[in-house]
Amino acid sequence: MTISTINNYQTIQSAVESISGFMIPGQEEYLFNKVKSLPNDAVIVEIGSFKGRSTVAMAYACLGTNRKIYAIDTWDGNDSDFSERNFFEIWQHNVQVNNLEQYVIPLRGYSYEILNRWEELTNNKYIDLIFIDGSHQYLDVIKDFEMSFPLVKSGGWIAFHDVIHTWPGTERTWHKTAKYLLVNHQYSSSLACGQKSLDATKSLPIHFFTIVLNGQPFIRYHIDVFKQLPFKWHWHIVEGVADLKHDTAWCAQLGGYISDDIHRNGRSYDGTTEYIDDLARLYPDNVTVYRKPEGVFWDGKLEMVNAPIANILEECLLWQIDVDELWTLEQLCTAREMFTSNPEKTSAFYWCWYFVGEKLIISTRNCYAQNPQQEWLRTWRFKPGAYWAAHEPPVLVEPLPNNQSKNVAAVNPFLHQETEDCGLVFQHFAYVTKEQLSFKEQYYGYKNAVSLWNTLQEVTQFPVLLREYFPWVRDETKVALADSYDIVPIAQREVSSNTWQFLQPDEIQKILENKPKETALILVDGVFFQLYQTGIARVWKSLLEQWVNNGFAKYIILLDRGGTAPEISGLRYINVPLYDYNNTNADREMLQQVCNETGANIFISSYYTTPLTTSSVLMAHDMIPEIMGWNLNQPMWQEKHYGIRHALAYIAVSENTAQDLVKYFSDIALDAITIAKNGVHHEVFAPVKQEEIHLFKNSYGITKPYFLLVGTGNGYKNSMLFFQAFSQLASSYGFDIVCTGSGGILAPEFRACTSGSAVHMLQLSDEELATAYSGAVALVYPSKYEGFGMPIVEAMACGCPVITCPNASIPEVAGEAAIYVNDDDINGLANALCEVQKPSIRQRLIEAGLLQAQKFSWSKMANIVSTALINASLLSLNLKEINVIVFPDWSQSEEVLGLELESVIKAIATYPDSQKTTLLICTSHISAEDAELLLSGITMNLLMEEDLDISEGLEISLVGSLADIQWQALLPRLNIRIILEHEDKAALAELPIEALPTCELDSFINQLCVL
């Protein structure tokens, strides 16, 4: 084609599309038009030219101009993607056949090598358009972008190919970094493009401010991030000692003081002074340093933070960055983009990963150092005239008429969830060096901070409560290993030299990519902890604790929904999003992805969530909605029924619950449901001494003997029956009533039955509840239905008599140790309230209850549930009455393997009871696909040569790599091992199969007849 100028892509479309490549229709036309829009002398760069399809499309747009395309590629294929290896000749031919050589300059090599030599290779030409279509690995794509960005002229364009989820490296680079540094975004299918515009980036500068004294080593981190920012910025550094005044005076109250050990003439002693002097000299337009005269202290931190205000004469983002608070370039750009896109927003709160050791983090929120009411407020939209009214916590105010002011942050802030959703969680190295602890010990008055911190660093089992090491922490703050949350510390100390280095984002990503993936036999979805903190949460927390104690926890991973799961030392966690009943399909996809990534065999949910395909076990706690006729169209119950239908196996917490499950889902066999009855913490729920009961009653103002109700309500809990019966007691005025688990105010219809008696509505801890049980006249539990009835066994374990109704599972739990009344018998319950006061009856109930409670334990339940889960993981093996196993040596040739396995299969398939038999073939040292391919060939041979169709009788199951606990469950169900001539010795050596009977193939049928 010799046309001098092309104005319409359709003219050259056939020539372009005749070249094989991976462009989606429409993208070449976009590139053609984009190049046509550039100046006549434009410089175009293409990273990843392959066979030249996109190169030719762009080169046709250069006809008749001085535009040049620099095509960068190694032009070498690789064994996994291409059968061919060298594509340069193909690329060159495609350029030549279209007469485009004068517009295209090949630069052979890796992109980062070429870009690094750009000035040398091109005489420092600035780029008008760069099209990044090389490697799809994140580290490669982000490197291409970072290296090319400074080379692109203002107003130039950067385009990415394959911005789709199947290529997460490209997608991440665009959505997490590039698009925030580019404007005028354009899209064509999977192609994304944006323009570099310095004018646009000037509209909202950032002024950072830092107050510092002895900021090494962390102060050295920030400048390398700031100087890469593609917009105007300034760093205000305020150095010196803040006197313990104003809102810093709290330190003096704790015993804090300013000693000569923490400063040198009011400045830093660790090299920080000299370092920031160097910064001011190297970056005079971007760094301003503020100090008092030598030996003079600042009038508290409030004076320090206000020092730069007079020099900030433009509207901007004002950003507090403490020395030990490390933000990435991507995060700073993202946050600025949030503010530019939302001009009504006035400030931003953030979460942080708060380090209390080089590799230790605070893992809890809404606690010490993670108080959302004040932490971490770090960014404000600043207008000249604003000033700091306070620093601890920071309060930036704007003056108003009449000597009034407004708190900027209080107007319309970005809240924690919004910033976290954008990846804006910074790393805060607050308690990481001994020097930091020594300073806090003196300045803040944290007594013995250094020695206490040293003790924390020696801990090996996590999580732990921070207050056990830092006495100034008084809440439930917990500490865990950063690695357990996939947090790679930006700041890393080299142990041998005691020097610190700071990781770049690509280095962190590489560490995460190379980190061994968590594997698990079983995934447990802790979703119920997100939804409620009622009895089912108690069940699951108890099971998890028992599994840690008995070692089963090493086979499981708990999915933690948004940080709502209890932290149990020794348990592995994966953080997953909060559950949303309005988005269940996406949740199933997420769960399946986690199952795939961890290689989980079995999934079990604490409350009816399901993955897409992984086998799940359902634990039925009750069938209350079905029995009580609730609206089953509600999403919660729809998901419950979906989970029941999806499940491979079932566990019920009582025999009655199992029967109710079968009643509503008749395709489930009753004998296929494992019964695992709930337990009780006998260490907590046990009879309490009278002195403790007396203290409990005094603390809550209980002055009379009392009846105890747990979970009041007019529904199936049937509390009205008690109140009606109580009102009939002639001596009712002599008793109080304690209601736990409901809180709030007693319903008017209940209150009408309690004239002369006090009703105490209490929310109690487990320890307090045990005391309440121990001191009660009786637990009255007139429920119409219970899946189990945990308060009954807890009360009995505490020596509390029980009055209840013989409904559902309650007789299973209470046995003969309770007084039973019908759930509509007011007079019967009134009589029972009198009977239980008789010493002989009361003593009989207490003794019988203590014995009955011993039948229930969490350890027993945990063993039953774990066994059921392991058995469920073996269901895919389709075990039958007779189960035979062989261990082929897969290193043998296909011919040898085929003949040996064919003999075994033929022998079993022709055995009269073959339909009762499963042949298990160990494939632990070969892929399942390869084994299945060999077996399909054997099956075909038997059909063709022996006229033997094994598809309608013999069951053949492949046994892959099983966990030791699975082998322990499987081996007792195996009847015999056939000894092969060629066996997998390694697999046999790994297994405890000495007790498994064996036989040669010749004597196999005779051996079967004995079974």
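The figures follow:
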| quantity | calculated |
| --- | --- |
| Residues of region 131-146 classified as among the hydroxyl-bearing types (Ser, Thr, Tyr) and in contact with a Gly (Cβ under 6 Å, 6 or more places away or on another chain), total | 1 |
| Qualifying positions in region 393-439 - over 16 Å from residue 349 (Cβ atoms), of a type outside the set (S, T, N, Q) and not in a strand (DSSP E or B) | 401, 430, 431, 432, 434, 435, 437, 439 |
| Answer residue from region 446-463, given it is modelled with pLDDT of 90 or more and over 15 Å from residue 434 (Cβ atoms) and is surrounded by the fewest Cβ atoms within 10 Å (Cβ to Cβ) among those | 447 |
| Where residue 900 falls short, out of the listed (1) under 45 Å from the mean Cα position of the chain (by Cα); (2) closer than 16 Å to residue 987 by Cβ | (1) |
| Looking only at region 846-902, and only at residues there that are in a loop (DSSP other than H, G, I, E, B) and basic (Lys, Arg), the one that is most open to solvent (accessible area, probe 1.4 Å) | 855 |
| Answer from 271, 240, 255 - the residue that is touching a residue at least 60 places away in the same chain (Cβ under 8 Å), on the phi > 0 side of the Ramachandran plot and open to solvent by 10 Å² or more (accessible area, probe 1.4 Å) | 255 |
| Among the residues listed as 499, 534, 564, the single one being touching a Lys or Arg at 6+ places or on another chain (Cβ under 8 Å), at pLDDT 85 or above and open to solvent by 10 Å² or more (accessible area, probe 1.4 Å) | 499 |
| Candidate set from region 464-496 (those that are β-branched (Val, Ile, Thr) and open to solvent by less than 80 Å² (accessible area, probe 1.4 Å)); member that is nearest to residue 361 (Cα to Cα) | 479 |
| Those residues of region 224-237 which are open to solvent by less than 10 Å² (accessible area, probe 1.4 Å) and either within 21 Å of residue 394 (Cα to Cα) or of a type in the set (A, V, I, L, M) (or both), in sequence order | 235, 236, 237 |
| Number of positions in region 52-72 that are open to solvent by 30 Å² or more (accessible area, probe 1.4 Å) and outside any helix (DSSP H, G or I) | 3 |
| Of all residues making up region 208-220, the number that are closer than 14 Å to residue 289 by Cβ and outside any loop (DSSP other than H, G, I, E, B) | 6 |
| Cβ-Cβ under 7 Å pairs, at least 6 apart or on other chains, region 14-28 side closer than 12 Å to residue 51 by Cα, far side small (Gly, Ala, Ser) and open to solvent by 20 Å² or more (accessible area, probe 1.4 Å) | none |
| Residue count for region 274-325, restricted to those that are part of a strand (DSSP E or B) and open to solvent by 30 Å² or more (accessible area, probe 1.4 Å) | 2 |
| Spans of helices (runs of 4 or more DSSP H) in region 82-153 with at least 1 residues touching a Pro at 6+ places or on another chain (Cβ under 8 Å) | 88-97, 138-148 |
| Strands (runs of 3 or more DSSP E) fully within region 726-788 counting 2 or more residues that are buried (at least 21 other Cβ atoms within 10 Å of the Cβ) and without any contact (Cβ under 8 Å) to a residue 60 or more places away in the chain | 736-740 |
| Residue within region 221-240 that is over 39 Å from the mean Cα position of the chain (by Cα) and part of a loop (DSSP other than H, G, I, E, B) present | yes |
| Test set (1) open to solvent by less than 50 Å² (accessible area, probe 1.4 Å); (2) of a type outside the set (Val, Ile, Thr); (3) touching a residue at least 60 places away in the same chain (Cβ under 8 Å); (4) within 28 Å of residue 682 (Cβ to Cβ) - residue 600 fails condition number | (4) |
| Selected residue (criterion: surrounded by the most Cβ atoms within 10 Å (Cβ to Cβ)) from residues of region 948-989 that are β-branched (Val, Ile, Thr) and within 35 Å of the chain's Cα centre (by Cα) | 959 |
| Candidate set from region 328-366 (those that are of a type in the set (A, V, I, L, M, F, W, C) and assigned to a loop (DSSP other than H, G, I, E, B)); member that is most open to solvent (accessible area, probe 1.4 Å) | 351 |
| In region 666-675, residue nearest to residue 647 (Cα to Cα) [restricted to those that are without any contact (Cβ under 8 Å) to a residue 24 or more places away in the chain and not aliphatic (A, V, I, L, M)] | 667 |
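Okay, residues lined up against (1) touching a Pro at 6+ places or on another chain (Cβ under 9 Å); (2) within 23 Å of residue 537 (Cβ to Cβ):
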| site | (1), (2) |
| --- | --- |
| 561 | yes, yes |
| 567 | yes, yes |
| 588 | yes, yes |
| 598 | no, no |
| 602 | no, yes |
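Rundown of residues vs (1) acidic (Asp, Glu); (2) at pLDDT below 90; (3) crowded, with 17+ Cβ neighbours inside 10 Å, yes/no style:
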{"residue": "142", "(1), (2), (3)": "no, yes, yes"}
{"residue": "152", "(1), (2), (3)": "no, no, yes"}
{"residue": "161", "(1), (2), (3)": "no, no, yes"}
{"residue": "185", "(1), (2), (3)": "no, no, no"}
{"residue": "202", "(1), (2), (3)": "no, yes, no"}
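The values are calculated or read from the model by the stated rules, or taken from the named source; none is laboratory data. The shown structure was predicted, so the numbers you read here are calculated from the model rather than taken from an experiment. Don't worry about glycine lacking a Cβ; one is built from the backbone with ideal geometry, like all the others, and counts go over all protein chains shown. Areas reflect the complete protein model, heavy atoms only, side chains present, ligands, DNA and RNA absent. Shrake-Rupley method; radii C 1.70, N 1.55, O 1.52, S 1.80 Å.
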